[in-house]
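The values are calculated or read from the model by the stated rules, or taken from the named source; none is laboratory data. Quick caveat: nothing in here was measured; it's all calculated off a predicted structure. Positions of Cβ are backbone-derived with ideal geometry, glycine not excepted, and every protein chain shown enters the neighbour counts.
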Amino acid sequence: MNQAAQAVRPLITAEDVSKTYITASGSPLLAVDRVRLDINDGELVTVVGPSGCGKSTLLRMIAGLDDHTGGSLKLDGTPITGPSRDVGVVFQSANMLPWMSVRENVALPLRVGGKHNPQAGRVDRLLEMTGLGEFSSRYPYELSGGMQQRAGICRALARDPRILLMDEPFGALDALTRERMNLELQRIWQESGKTIILITHSISEAIFLGDRVIVMSARPGRVLRDIEIPIPRPRSLDTIIAHPAYGDIAREIRGLLNAEGTVD
Ligand SMILES: Nc1ncnc2c1ncn2[C@@H]1O[C@H](COP(=O)(O)OP(=O)(O)OP(=O)(O)O)[C@@H](O)[C@H]1O
Ligand SMILES: [Mg+2]
């Protein structure tokens, strides 16, 4: 393949990806239905959809934590068969280990593998950046839900992964912290060139952060619409709402979600 062709190959490719769970009672449940999606290197793509439509399932399959039962899912042209070192995941709940301090939890991915990691200094910088600096020696039970979630974000960033998959990372945060984290994430993304997929229930957050917003249907989750956000970067929270495209896009997404029966 020549260089030009390589440059345009998507980093993540989902072709008709489906997932059928077998429930505890033994009956099949189609959670994700033939999702087609290309994510380019360096893109920040946001995903919205009704609760239970399969967003987390899709993210876990891309992370290699859950297998797909139909279609093809590739990372850099290679079928995804398990977790990759290139991928960091921020889960919907923080999943902190209760017997470790905040700093130890955040540094955990650096310790896995047993080597001293020269990036250990990153941990303290990340904790400072997310306002957790003075809490680094505390234990998870001493933190609020929002603080635990911020620690989860630090943990995913600690290894500096090329791809970041974020499952409602800011859902538990208060409005002001959430706005600050939106700006921080935009900055990290612009400076690092990472590829990010972020699930959110917030239409405004999806538009603010996304190069594209993927709108999913109610379960079984399909891609209803893939909407380009033509708003220049860096975006600020004030200017984005004033942009002429913002209102139309927000209304379009709301209309799609309303038609699916849920808007959060
Ligand atoms: N391990 C599992 N076994 C059986 N069914 C599951 C399992 N995990 C998820 N499901 C079902 O799959 C569907 C999609 O779940 P998923 O967690 O992906 O939704 P979601 O879009 O992330 O929802 P939310 O917005 O509420 O987080 C739901 O109906 C859920 O009940
Ligand atoms: Mg979910």
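Values for this structure:
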{"quantity": "Residue selected from the range 126-174 under the condition acidic (Asp, Glu) and within 16 Å of ligand 2 (Cβ to nearest atom), by the criterion nearest to Leu110 (Cα to Cα)", "calculated": "Asp167"}
{"quantity": "Hits in the range 185-220 (condition: of a type in the set (Gly, Ala, Ser), within 16 Å of ligand 2 (Cβ to nearest atom) and either over 14 Å from the mean Cα position of the chain (by Cα) or surrounded by fewer than 19 Cβ atoms within 10 Å (Cβ to Cβ) (or both))", "calculated": "Ser202, Ser217, Ala218"}
{"quantity": "Any hit, the range 71-84, residues being hydrophobic (A, V, I, L, M, F, W, C), over 21 Å from Arg212 (Cα atoms) and within 16 Å of ligand 2 (Cβ to nearest atom)", "calculated": "no"}
{"quantity": "Scope the range 124-161; condition under 16 Å from the mean Cα position of the chain (by Cα) and part of a helix (DSSP H, G or I); matching residues", "calculated": "Gln149, Arg150, Ala151, Gly152, Ile153, Cys154, Arg155, Ala156, Leu157, Ala158"}
{"quantity": "Phe91, sole failed condition from (1) under 15 Å from the mean Cα position of the chain (by Cα); (2) in the same structural domain as Thr13 (by TED's automatic domain parsing); (3) within 15 Å of ligand 1 (Cβ to nearest atom)", "calculated": "(2)"}
{"quantity": "Selected residue (criterion: modelled with the highest pLDDT) from residues of the range 94-118 that are surrounded by fewer than 16 Cβ atoms within 10 Å (Cβ to Cβ) and either within 16 Å of ligand 1 (Cβ to nearest atom) or farther than 19 Å from Gln148 by Cβ (or both)", "calculated": "Asn95"}
{"quantity": "Output for the range 155-206, where each listed residue is more than 16 Å from ligand 1 (Cβ to nearest atom) and among the small types (Gly, Ala, Ser)", "calculated": "Ala156, Ala158, Ala175, Ser192, Gly193, Ser204"}
{"quantity": "Looking only at the range 22-64, and only at residues there that are without any contact (Cβ under 8 Å) to a residue 12 or more places away in the chain and assigned to a strand (DSSP E or B), the one that is surrounded by the most Cβ atoms within 10 Å (Cβ to Cβ)", "calculated": "Leu29"}
{"quantity": "Index of the failed condition, Cys154 passing every other in (1) within 30 Å of Thr20 (Cα to Cα); (2) out of contact with any strand residue (DSSP E or B) (no Cβ under 6 Å at 6 or more places or on another chain); (3) outside the structural domain of Ser56 (by TED's automatic domain parsing); (4) of a type outside the set (Val, Ile, Thr)", "calculated": "(1)"}
